[in-house]
Each structure stands twice: as structure tokens, then as C-alpha cells.
Amino acid sequence: MTTHVTSTKSLIGPAVRNLLNHYGLNATQIRASGSHRNLLKGDILRQIEEQKLEAINIARSHEDATLPITTSSNSVARSAPAPFIDLEITSMRRTIAKRLLQSKSSIPHAYATTECTINGILALRKRMQKAGLKVSVNDFIIKCTGNALGRVPGVNVIWEGSELRQKGEIDISVAVSTDTGLITPIVTNVAVKDILQISKDVAQLAAKARNGKLQPHEFMGGTFTISNLGMYGIHNFSAIINPPQCAILAVGGGHAYIENTGEVEDRVNLTLSYDAIGISEELALKFLAHLKHDLESTSEVTIGIYNIEACVDSIELLQSLTHN
């Protein structure tokens, strides 16, 4: 009896080739029963049955063959998930987030930006420091903002229900960052206070805010807000309105600008976010123009101190009377 085997030129269909691969068989070693000595599916199945063959894992064999072999001692085993900490969200932060979402989604924010030269402020501040009067650049901005609001009272407005109210008092909220979130204590009656009193109020309110000792009337209300991120190296940003107020001033950090003459100017960027329903564009621009003028031409009169030396004498006299 003669045994015929397939030649390498025999036709092999997809089903036959799949079985060959699945069982690791060689087509040239299997008897072909098809016409022209073509290998049929039945030929493969008969071979599997006669030799009691089992299928091999082709996919795994392929992976093993293609994976690179490495003997490096730097091979890193799969590590466990990195540790993490669940952070508690304070009620204050939740309230702030809710109010900001409400503000941004319901108030039509409009924006106006200006750049101011503060060389005059820095020079005046230096004079005051030499005289023993410590104030910050932010104190100057608060006082000048109060002056501008006095000249453009249409920006000093708040919503009371559905009614828009222009307030007689200028109470400026100052954003203060604490461990539990952002809070805005209020410097009241800014228009009638000098910069020294404003500086004292800000320091006291900020300390109480960080210690969690602010009373409700010290942070609820206000007619305007100032947010200053200059101390964090932020030069320009826009802030979200603090309802029921209608405007907030974002103050960036100072940066040097070299004029064509070679003179160096210190400048800050101011961005006013305002409620386009409560405040018209004309009023917003007028307010910024007055604020820019006051900041760039700051004098002792502007900040409510008519004579620095006389002011120092008065403070020393008051302190001596207090000690006695």
C-alpha cells in the first residue's frame, strides 16, 4: 500500500490552515485525500483523532516568542497603587464654591482692564516708612478705590432682592486667604478714613480671619471687593463677582517697565469685573479712569494724611498720653 502525502504546492483552505496552526501540525506530514492531493479538513480531524492531539495556546506561544529577553537587574516589578489621602472639604469651602457657581452662572460678567504706574505710591510709601508709618501697597489701593467710588457712586451698588441699591457708605471687602478657604472681611467707611486707619483695620481683620474669629457683620455685606494676588507673583487675572455686590477689582503684582528714555516704571494691572445689568460700561470705565488717576498721582492729600511729619507728631503725642 502506497501512502500519499501533500506537496508544498497543495492548496490549503482557511479552515484547514486554522486547524494546522491550532494543533501545531505540519501539512506535509498528513495524508491528503482530496483531489489533486489537496489536504481536506477531514484529513486533519482524522490525524487529531488518531494521535489524540490537544490544541496548543497559539496566542501565548506568539507572545513568548516576541517578548524581548532581559537579564537586567533593573527590571521593575508591578508595584502596588500609590498611597493617597482623602481630604475633607470644609463647610466654608463648600459655601464659597456654591456662591461662586451661582455668581458665574447667573450674573452677566463684563470686564475692563487698565495698567497703572505706581512709582509715586512706592516713593510716598518709602517716605512714610522712614517716618515710622508702616503701610502696604494694598492699603493705598483700598484708599484710592474708595476715592474713585466716591466720585463714581454708580459703581458702589448692590442688589437687594430684585432692587438695585446705590449705597451711601463705601464698605470695601478685602479677600483674605485662610487655611479653610477664602473670606472677605470688610473695611467700613473707607471714604472717610485715612490710609493709616485703613491699614490698621486690614491687619486686625486679616488676623481675625486667619484665626477664625470674625463676627458675621465683619464679613457679610460690603459694597465692593478687592482681590490682590500680587504677593503670589500673579500679574494679571480676573475675579468672580461677590454677590449681592456688583463689582470686584482684581489687582496683579507689580512689574518693571523700561521707557524709551531708559527710565524704569513700576506698573500694576487692574481688572474690573462688573455686573453688566447693575453697572453700565460707561460707569465702569469712568471708575477705572478715576482710580488710575489717583494711583498715579497719589499724594498725602489723596490718602487722607495732609502732612506726614505732623501725623507722626500726633501719633507720638497720642501714644505718650495713652502710656501716661
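For the reader, a short list of remarks on this structure follows.
- Computed from label points 7 Å out along Cα-Cβ, the spacing between LYS134 and GLN102 is 3.8 nm.
- At R0 = 51 Å, FRET efficiency that the Cβ-Cβ distance of LEU285 and ILE85 yields, to 0.05: 0.60
- Cα gyration tensor shape for the stretch 135-294, rounded if a/c is under 1.5, else prolate or oblate: oblate
- Taking every Cα-Cα distance in the stretch 73-223 and sorting them into 5 Å bins starting at zero, the pair-distance distribution P(r) comes out as 1, 7, 12, 16, 16, 15, 11, 5, 4, 3, 3, 2, 2, 1, 0, 0 percent.
- Highest average first, the peptides 18-24, 103-109, 50-56, 151-157 ordered by how many other beta carbon atoms sit within 10 Å of their residues are 151-157, 18-24, 103-109, 50-56.
- Solvent-accessible surface of protein heavy atoms, probed at 1.4 angstrom with all chains present, puts VAL202, VAL301 in the order VAL301, VAL202, largest first.
- Model label points for ALA55 and TYR306, set 7 angstrom from Cα along the Cα-to-Cβ axis, are 10.2 nm apart.
- Solvent-accessible area of VAL176 with every protein chain in place, 1.4 Å probe, in Å² to the nearest 10: 10
- Sequence of MET128, MET231 from largest to smallest accessible area, 1.4 Å probe: MET231, MET128
- Ligands, DNA and RNA excluded, the heavy atoms of LYS193 present near 40 Å² of accessible surface to a 1.4 Å solvent probe.
- In nm, spacing of pseudo-spin labels at THR28 and THR113 (7 Å Cα→C-beta vector): 7.7
- Environment charge at ASN156 (Cβ cut-off 14 Å; Lys +1, Arg +1, Asp -1, Glu -1): 0
- Taking the stretch 188-210 and a reference point 7 angstrom along Cα→Cβ of THR178, the backbone N atoms nearer than 18 Å belong to 188, 201-210.
- Of LYS208/LYS292; LYS98/LYS193; LYS193/LYS292; LYS134/LYS213; LYS104/LYS167; LYS130/LYS167, pairs whose Cα-Cα distance is over 26 Å: LYS208/LYS292; LYS98/LYS193; LYS130/LYS167
- Among residues other than ASN236 with Cβ under 14 Å from its Cβ, the summed charge is 0 (Lys and Arg +1, Asp and Glu -1).
The values are calculated or read from the model by the stated rules, or taken from the named source; none is laboratory data. Predicted model, so just to flag it, every value in this text is computed and none were measured. Virtual Cβ from ideal backbone geometry, glycine too; neighbours counted across all protein chains shown. All accessible areas refer to the heavy atoms of the entire protein, side chains included, with ligands and DNA or RNA removed. Shrake-Rupley method; radii C 1.70, N 1.55, O 1.52, S 1.80 Å.
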